[in-house]
1. Treating the beta-carbon of each Lys and Arg as +1 and of each Asp and Glu as -1, no other charges, what is the dipole magnitude of the stretch 267-394 about its Cα centre, to the nearest 20 debye?
2. Below 8 Å, C-alpha to C-alpha, sequence gap of six or more: please give me the relative contact order for the stretch 244-327 in percent.
3. Mind checking Rg over Rh on the stretch 9-83, alpha carbons, Kirkwood formula for Rh?
4. Just want to confirm a number: the relative contact order over the chain, from Cα pairs under 8 angstrom separated by 6+ residues, in percent.
5. Under unit Cβ charges (Lys, Arg +1; Asp, Glu -1), what dipole magnitude, rounded to 20 debye, does the stretch 9-83 have relative to its Cα centre?
6. Cα to Cα, under 22 Å, and not fewer than 8 places away if on the same chain: which lysines meet these conditions relative to Lys181?
7. Can you give the helix-only mean residue ellipticity at 222 nm for the chain, where every DSSP H stretch with n ≥ 4 adds -39500 (n - 2.57) and the sum goes over all residues, rounded to the nearest 500 deg cm²/dmol?
8. Under a Cβ-Cβ cut-off of 13 Å, what is the net charge of the residues other than Ala155 that fall near it, where Lys and Arg count +1 and Asp and Glu count -1?
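The values are calculated or read from the model by the stated rules, or taken from the named source; none is laboratory data. Nothing here was measured: the structure is a model prediction, and the numbers come from that model. Cβ placement follows ideal geometry from the backbone for every residue including glycine, while neighbour counts extend to all protein chains displayed. Areas reflect the complete protein model, heavy atoms only, side chains present, ligands, DNA and RNA absent. Shrake-Rupley method; radii C 1.70, N 1.55, O 1.52, S 1.80 Å.
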Amino acid sequence: MDPETQQNHLKAYGITYWALDKQYKVSWLLNYRGGSFLLPDAPEIRKECQIRGVSFEVLSDGTANGILEEISSPSQNMETVVLEKAPKIAVYTPKGKQPWDDAVTLVLTYAEIPFTPIYDEEVLNDALLLYDWLHLHHEDFTGQYGKFFGAYRNAPWYIEQKKEAEALATKLGYSKVSQEKLAVSHKIRNFVIGGGFMFAMCSATDSFDIALSAEDVDICETMFDGDASDANYQAKIDYSKTFAFKDYTLERNPVAYEFSNIDVTNTRRVLPDVDYFSLMEYSAKWDPIPTMLCQNHTQLIKGFMGQTTAFQSDLIKSNILIMGENKQNGEARYIHGTKGKGMFTYYGGHDPEDYKHQVGDAPTVLDLHPNSPGYRLILNNVLFPAARKKKLKT
């Protein structure tokens, strides 16, 4: 999985998932040649690699044992993690098409990793019990329809989306979309607390935390839910209920395309050509979890924007790991934490290979980006639940 010899990093994850699904055990060689995978030498695995265009090397038992011995040396910041079972994957996404694409759905499809689309009805009926891993992308859990009102209030897709959301909330027994989304947020929170793994990107990150913190507080203005927001609602926000963020200030302007000051999109001053963030380096033997999540063939990742581009570092709780950051700008891009028996990762930005994705833009063609470091971070999270769990020590 190093930069020189792997012609398709993204599909290599799909091969690994496929092998796990076929009951093969796989060793993830953390920090060895970009986080390589050691699979059994079986004719069907070789054939699948050739079909999918994934580079591989055939090793003798002696060579393989020598690599494992090198990795186990206390002097090497490397570790072997055994992947045992293909995780069951759910992607939280509404029925029908949206005016944006979803980077995770895109890369799962490209890597040929199977997933099940689910939405509010399934979540509220406890379908999450069937899955190990849940993905949330460009979603608004606050009931403010993505804060698209200012720019798109008259757009047919916005009007239709609002109408559909209200109809679904009514069908599920809620008088407001915000109340129904809060109930969904609670189900997702309980999924994580019970031992599930949640991965969120773009506005699903901050809007999820904001929804949890605004329980029993009306933060929606009239154009969103038909009545005024609570007076002085900022003072009623309960940061103890969030996963990752603290002390943030909500955006009160209903026509502003922003939820709060957690996101730095409107305040950052970074030119696209120099917009990068760096991955943290961890002790592979002592901290295998963040090491797994940061496996890549480069430590420097090209930045990309979204409704939620990155997180203001001083608004992140002290128990959260910042795994990717632009320290100069005081922004975190890639963070990880635990909640109950489960874990979650938040990844800022919309599409790692589309710098400034706009509503209506065409989806990224991943055949043009088979070695994308930004997309590799997503796939690290997809495979992570397959690992034998070791206690996080950082």
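1. Values: 16 positive and 12 negative charges, 186 e Å.
Here the size comes out at about 900 debye.
2. Working: 91 pairs, mean separation 35.4, N = 84.
Normalised by residue count, the contact order of the stretch 244-327 is 42 percent.
3. Numbers: Rg = 12.4 Å, Rh = 12.9 Å.
Rounded to two decimals, Rg over Rh is 0.96.
4. Details: 752 pairs, mean separation 80.4, N = 394.
Averaging sequence separation for qualifying contacts and normalising by length gives 20 percent for the chain.
5. Values: 7 positive and 9 negative charges, 67 e Å.
Here the size comes out at about 320 debye.
6. Correct list for Lys181: Lys95, Lys97, Lys147, Lys162, Lys163, Lys171, Lys236, Lys241, Lys246, Lys339.
7. On the way: 12 runs with 118 residues, N = 394.
Mean residue ellipticity at 222 nm (helix-derived): -8500 deg cm²/dmol.
8. Working: positive: Arg153, Lys162, Lys163; negative: Glu160.
Every neighbour counted, the sum reads +2.
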